[in-house]
Amino acid sequence: MNVLPQRVKDALTEADNSDNLLEIVLDLGRLPTARFVDGEVALCQTEITHADLNHVTERIGEFDADNRAGMERTLHRISAIRNRRSHIVGLTCRVGRAVYGTIDIIQDLVESGKSLLILGRPGIGKTTMLREAARTLAESRRVIIVDTSNEIGGDGDVPHPAVGKARRMQVARPTLQHEVMIEAVENHNPEVIVIDEIGRELEAAAARTIAERGVQLIGTAHGRTLENLLLNPTLSDLIGGIESVTLSDEEARRRGTQKTVLERRAPPTFDVLIELEERDRVAIHLDVSASVDALVRGYPLPPEIRYRDETGDVHVEKAAPPPRPSAGAPSPLRHGQAGAGETMPFTRRSNQPAEVHAAPQIPASLVPEGSTLQPLRVYPYGVARNRLMQAAKRLGVPALVVKTPGDAQLMVTLRAYYRERQQTIVAAEDAGMPIYVLRSNTVSQIEQFLADLFNLAETYPATGDEAVNQAQAAIDHVLNGENSVDLPPASAAIRRLQHEMARQAQLISQSYGKEPNRHVRIFRG
């Protein structure tokens with residue numbers, strides 16, 4: 001308060017909300033603004049001048065190469081915006097607080113010895129949590145803080161009391177942060193290193209070096225979720241990184257994917273990843289390796305959720321295990337079997353009723369809202385899992401893709417694999433499992449299979465085989481010269497399938513009318 005222009009100070013005093021104050025923004029030629037936890041307000045109606053900015057900068061520390069300054073023995077951070085001549089034209093004055101007890105929500109993880117990476121949006125409290133973790137661990141371990149902007153330990157040469165017994169190493173320039181990280185390990189024998197804002201590739205590499213030397217790392221990085229970090233080429237190495245690999249033919253068939261897939265490149269630098277969703281709510285990936293592996297394969301693992309209620313009690317919602325669909329529910333498959341020698345777009349082949357195995361019930365959350373269809377567990381062999389899941393979502397049917405034939409009620413494969421009599425297919429037939437055979441691994445073929453599998457033709461006047469045949473006939477007529485063809489009314493799911501068929505034929509399609517008589521028109525552009 002004392003370094004601010006008098007009118008700004010008076011307005012803050014009058015607002016009487018300093019406990020919720022986050023930042024004060026002073027931009028040349030604009031009204032001074034205060035950002036509180038619950039909103040942003042203008043402090044007065046007089047614009048900021050050069051004299052106001054000089055008033056502040058003369059009373060604080062010097063700005064470093066990262067345009068950040070502080071106030072000695074405090075945790076406040078003042079960041080500058082400069083013009084092209086390096087003159088200061090704006091200041092962001094962030095209030096730094098030592099908030100004790102903020103890590104009780106993750107204290108067991110902090111004290112576990114595992115390396116923790118904290119993600120969250122700016123201003124949500126990452127640094128406050130980091131500071132408190134350093135203070136807590138320093139009671140029993142050797143803790144070194146690599147303090148790039150003096151934001152963890154405060155400005156000046158004497159660290160703020162909020163870091164307790166932890167020692168602090170300052171960084172001359174932000175670009176040298178990685179060198180100070182290595183120096184801390186080599187010179188000061190730490191058991192724990194605390195670092196804020198890992199943002200460059202060299203810092204990510206230094207973090208990996210530290211982790212491989214057996215030192216616990218607690219740090220923060222830019223990003224909000226695991227997926228954000230995985231897609232960040234600079235920082236993805238913190239969680240192992242990803243790379244494209246080529247699978248063998250047999251492995252690609254087993255997975256039901258293309259031969260080129262994404263895989264985790266290396267062990268992650270951090271064991272646990274914590275996503276700060278709100279100040280009192282976190283999502284925790286307890287095993288970063290497993291979470292990354294599941295994410296790149298299309299089966300993201302749900303994180304553990306922890307939150308603090310209004311009374312201060314911490315609640316933990318354990319992460320549910322990955323859905324393991326059961327085989328106990330009756331199948332809505334059509335009656336009747338295909339001949340032994342037939343190969344159809346989607347043909348059920350079965351010699352005897354499928355075995356029923358005891359298994360957990362399918363969670364209701366996996367069934368599309370409003371669906372009256374019985375969930376079915378499908379094992380794709382050679383069929384792309386991601387396309388199958390996308391098609392099921394588009395059609396709104398509860399087809400649950402499983403990873404092993406033992407968990408499935410039926411199998412779907414391609415004609416080429418069925419003709420080769422692959423061992424997995426033969427074993428499924430011997431077990432009496434229905435097998436559907438597709439001509440090709442396309443979205444339209446998969447959607448046709450699902451439409452037939454869930455008997456969509458019994459619900460709408462034009463669905464399943466009939467709708468596909470009608471759409472193909474309409475496409476042929478348009479390609480042969482007709483201006484447009486209207487298809488019979490159909491469900492939204494089947495209309496999406498007809499639109500996709502038109503798109504693949506490089507034609508234009510539009511939906512017209514109101515439910516239940518809404519239909520698709522196909523025409524040339």
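The values are calculated or read from the model by the stated rules, or taken from the named source; none is laboratory data. This is a predicted model, so every value here is computed, not measured. Methodologically, a virtual Cβ is constructed for each residue, glycine included, from the backbone with ideal geometry; neighbour enumeration extends over all protein chains shown.
Summary of values
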{"item": "All positions within segment 121-139 that are β-branched (V, I, T) and part of a helix (DSSP H, G or I)", "result": "T127, T128, T136"}
{"item": "Residue under evaluation P233, criteria (1) in a strand (DSSP E or B); (2) of a type outside the set (F, W, Y); (3) under 16 Å from T269 (Cβ atoms), criterion not met", "result": "(1)"}
{"item": "Test for N150: is it out of contact with any Pro (no Cβ under 6 Å at 6 or more places or on another chain), more than 22 Å from V272 (Cα to Cα) and surrounded by 22 or more Cβ atoms within 10 Å (Cβ to Cβ)", "result": "yes"}
{"item": "Search result, residues across segment 373-396 that are surrounded by fewer than 22 Cβ atoms within 10 Å (Cβ to Cβ), on the phi < 0 side of the Ramachandran plot and out of contact with any strand residue (DSSP E or B) (no Cβ under 8 Å at 6 or more places or on another chain)", "result": "L373, Q374, A384, N386, R387, Q390, K393, R394"}
{"item": "Segment 295-320, subset over 14 Å from the mean Cα position of the chain (by Cα), of a type in the set (A, V, I, L, M) and outside any loop (DSSP other than H, G, I, E, B), residue surrounded by the most Cβ atoms within 10 Å (Cβ to Cβ)", "result": "I305"}
{"item": "Any hit, segment 174-188, residues being among the hydroxyl-bearing types (S, T, Y) and closer than 30 Å to V401 by Cα", "result": "no"}
{"item": "The listed residue being without any contact (Cβ under 8 Å) to a residue 60 or more places away in the chain, part of a strand (DSSP E or B) and of a type outside the set (S, T, Y), out of I81, I118, I103", "result": "I81"}
{"item": "Listing of strands (runs of 3 or more DSSP E) fully contained in segment 1-56 that carry 1 or more residues being surrounded by 19 or more Cβ atoms within 10 Å (Cβ to Cβ) and at pLDDT 90 or above", "result": "21-27, 33-36"}
{"item": "Residue in segment 364-373 that is under 17 Å from L453 (Cβ atoms) and at pLDDT 50 or above present", "result": "yes"}
{"item": "Identity of the residue in segment 237-272, surrounded by 20 or more Cβ atoms within 10 Å (Cβ to Cβ) and of a type in the set (S, T, Y), that ends up nearest to D147 (Cα to Cα)", "result": "T269"}
{"item": "Neighbours by Cβ (under 8 Å, 6+ apart or cross-chain): first from segment 178-193, closer than 22 Å to G113 by Cβ; second part of a loop (DSSP other than H, G, I, E, B) and among the β-branched types (V, I, T)", "result": "V185/V215; P190/V215; E191/V215; V192/V215; I193/V215"}
{"item": "From the options A15, A69, A51, residue that is over 29 Å from A133 (Cβ atoms) and in contact with a strand residue (DSSP E or B) (Cβ under 9 Å, 6 or more places away or on another chain)", "result": "A15"}
{"item": "Qualifying residue in segment 134-146 (condition: under 21 Å from E275 (Cβ atoms) and under 27 Å from the mean Cα position of the chain (by Cα))", "result": "no"}
{"item": "Some residue of segment 432-455 being modelled with pLDDT of 85 or more and out of contact with any Lys or Arg (no Cβ under 8 Å at 6 or more places or on another chain)", "result": "yes"}
